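J.: This is the structure, below, for whatever I ask next.
The values are calculated or read from the model by the stated rules, or taken from the named source; none is laboratory data. In this text the structure is predicted, and so the values were computed from the model without any measurement. FYI the Cβ positions are ideal-geometry reconstructions off the backbone, even for glycines, and counts take in every protein chain you see.
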Amino acid sequence: MCQHEFMEREEKIQLTKRLIAHVDNDSTDYAEDMLVVPFSAFNDPELAKKEVEVVRRFPHIVAHVDEIGEKTGSFITTELLGTGLLLVKQSDGSVKAFSNTCRHRGSKVEFSESGCKRVFACPYHNWAYGKDGDLRTMPHADGFEGLDRSQYSLVEFPCEIRHGLVWVIPTAGADLSIAEILGAKHDAEVADTGMADSYQVRKETWKLDMNWKITVDGVQDTYHLCQLHTKTVCNYLEGNIVAYDHQQERSWRVVVARKSITEVRDADPDSYDVRDYSLANYTVYPGTMLVTEPGHFEIWTIVPDVDDPNVSYCTIRLLSPKKPETPREERILEKNWELLMETLHAEDWFVTKTITDNAAFGQVNELIYGRNELPGQVFHKTVMADVEALDAARAADAVTAQ
Ligand code: FES
Ligand SMILES: [Fe+2]
């Protein structure tokens with residue numbers, strides 16, 4: 001099948017119908033019940049530690065392909081959940097992700113933010129690693145006679161390029177397949193948007209004074225679109241109107257109707273594309289959201305701070321399906337970014353950062369996620385289940401150790 005037919009005709013028709021029915025009935029896709037979450041879920045240090053362990057087992061975006069050079073040996077350094085990463089382009093075009101930690105006595109190996117090298121030499125005693133991570137040479141090797149060098153390569157993490165993005169799980173030996181996580185249907189839909197060949201317009205990272213789940217909640221939440229964002233986002237998106245599809249255990253798609261959707265109520269289904277009348281958010285648990293709109297993509301990566309439950313990091317990448325060719329195209333993308341910044345800083349984060357203080361001092365014990373807050377409910381339930389599984393595995397380990 002031709003790739004560009006991938007959102008199936010029938011799927012497009014059904015999605016349009018679902019969204020228009022929600023607009024007509026002022027409804028949305030609902031959860032079975034409300035969900036009550038203890039407020040302590042946002043600032044309990046013990047829970048936060050466990051969540052960092054959970055988050056470490058899943059993939060995160062560490063770069064757009066444009067950020068790493070074309071040539072073999074091109075590299076960037078970055079950090080994910082406290083782990084220093086060295087990402088190096090290999091001769092076959094793939095990228096390997098290493099822990100930026102020397103196998104001798106643990107110094108950081110590569111200090112530059114980016115560059116191109118054949119050999120990565122640790123500055124402390126000059127142990128030198130190849131671009132494949134193998135330990136090549138060390139000064140005064142007679143001091144290490146008998147050491148099997150093949151066992152002292154840089155520690156490698158699962159790393160995959162998918163949809164033009166570099167994904168890493170910062171846990172050695174974990175399995176990684178973004179296509180599998182998204183599920184065949186949603187993976188094909190994302191592929192169909194042309195994200196793999198996209199151009200990175202902007203990228204910025206913020207350190208936020210709020211728990212990582214509050215930050216994720218903000219991107220899952222469509223209930224607030226026409227409540228908080230009355231003068232901005234609500235001009236073109238419907239609030240509280242969502243088509244929700246859970247494809248895989250840890251990935252789901254949230255489609256939000258644009259105000260314009262009712263224009264195609266009676267139109268010939270082959271005369272328009274539902275994606276021009278909606279916005280889709282493909283969430284890859286725990287903290288990645290691929291938000292696709294007709295002219296651009298917003299890629300969100302949210303992770304907790306490893307020490308402070310009240311701090312998280314949010315990276316947003318604005319991508320364009322192609323490099324802008326005219327000043328007008330550039331201006332439109334720039335406008336998208338400005339609108340996003342305005343709503344985020346003056347509206348979303350301005351409000352949600354107050355949750356942090358209220359968790360500590362507000363003397364409110366429980367929070368409620370309504371039936372209309374289905375994506376947020378799924379997110380919180382999944383985190384809770386993963387923490388429970390972690391607890392159970394630890395308890396089982398403790399029994400075996402006795
Ligand atoms: S710590 Fe890297 S060479 Fe000694
Ligand atoms: Fe918002």
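J.: Within the set of pairs 6+ apart or on separate chains, which have a first residue in segment 107-124 that is within 19 Å of residue 93 (Cα to Cα), a second that is part of a strand (DSSP E or B) and within 16 Å of ligand 2 (Cβ to nearest atom), and C-beta atoms under 8 Å apart?
T.: Final answer for the pair search is none.
J.: Which one of 334, 366, 338 is surrounded by 13 or more Cβ atoms within 10 Å (Cβ to Cβ) and either modelled with pLDDT of 95 or more or out of contact with any strand residue (DSSP E or B) (no Cβ under 7 Å at 6 or more places or on another chain) (or both)?
T.: The conditions single out 334.
J.: A follow-up question, please. What are the pairs with Cβ atoms under 7 angstrom where one residue, in segment 212-239, is more than 17 Å from residue 341 (Cα to Cα) and the other, located anywhere, is assigned to a loop (DSSP other than H, G, I, E, B) and of a type in the set (Val, Ile, Thr)? Sequence gap at least six, or different chains.
T.: 239/222
J.: Scanning segment 311-349 for residues that are within 19 Å of the chain's Cα centre (by Cα) and outside any strand (DSSP E or B), which turns out nearest to residue 258 (Cα to Cα)?
T.: Selected residue: 340.
J.: Run residue 16 past the list (1) surrounded by 20 or more Cβ atoms within 10 Å (Cβ to Cβ); (2) under 28 Å from residue 356 (Cα atoms); (3) among the polar types (S, T, N, Q) and report the number of the one that doesn't hold.
T.: Only one criterion is unmet by residue 16, namely (2).
J.: Related question: Restricting the search to segment 12-61, which residues are part of a helix (DSSP H, G or I) and among the small types (Gly, Ala, Ser)?
T.: Once the filter is applied, which keeps residues that are part of a helix (DSSP H, G or I) and among the small types (Gly, Ala, Ser), segment 12-61 yields 21, 40, 41, 48.
J.: Among the listed residues 346, 385, which satisfies the condition of being aliphatic (A, V, I, L, M), in the same structural domain as residue 300 (by TED's automatic domain parsing) and under 20 Å from residue 288 (Cβ atoms)?
T.: 385
J.: Related question: Would you be able to say whether some residue in segment 88-101 is surrounded by fewer than 13 Cβ atoms within 10 Å (Cβ to Cβ), within 11 Å of ligand 1 (Cβ to nearest atom) and not in a helix (DSSP H, G or I)?
T.: No, there is no match, as no residue in segment 88-101 is surrounded by fewer than 13 Cβ atoms within 10 Å (Cβ to Cβ), within 11 Å of ligand 1 (Cβ to nearest atom) and not in a helix (DSSP H, G or I).
J.: Just checking, how many residues over segment 194-211 are more than 17 Å from residue 337 (Cβ to Cβ) and either part of a helix (DSSP H, G or I) or out of contact with any helix residue (DSSP H, G or I) (no Cβ under 8 Å at 6 or more places or on another chain) (or both)?
T.: Result for segment 194-211: 5.
J.: Here's a check for you: in segment 19-35, which residue that is hydrophobic (A, V, I, L, M, F, W, C) and over 25 Å from the mean Cα position of the chain (by Cα) is surrounded by the most Cβ atoms within 10 Å (Cβ to Cβ)?
T.: In this case the residue turns out to be 19.
J.: Identify all residues within segment 215-229 that are farther than 17 Å from residue 31 by Cβ and either at pLDDT below 95 or near ligand 2 (Cβ under 10 Å from one of its atoms) (or both); write none if there are none.
T.: 218, 219, 225, 227, 228, 229
J.: Also, quick follow-up: Could you say whether any residue in segment 314-323 is farther than 14 Å from residue 200 by Cα and out of contact with any Pro (no Cβ under 9 Å at 6 or more places or on another chain)?
T.: Within segment 314-323, one or more residues are farther than 14 Å from residue 200 by Cα and out of contact with any Pro (no Cβ under 9 Å at 6 or more places or on another chain).
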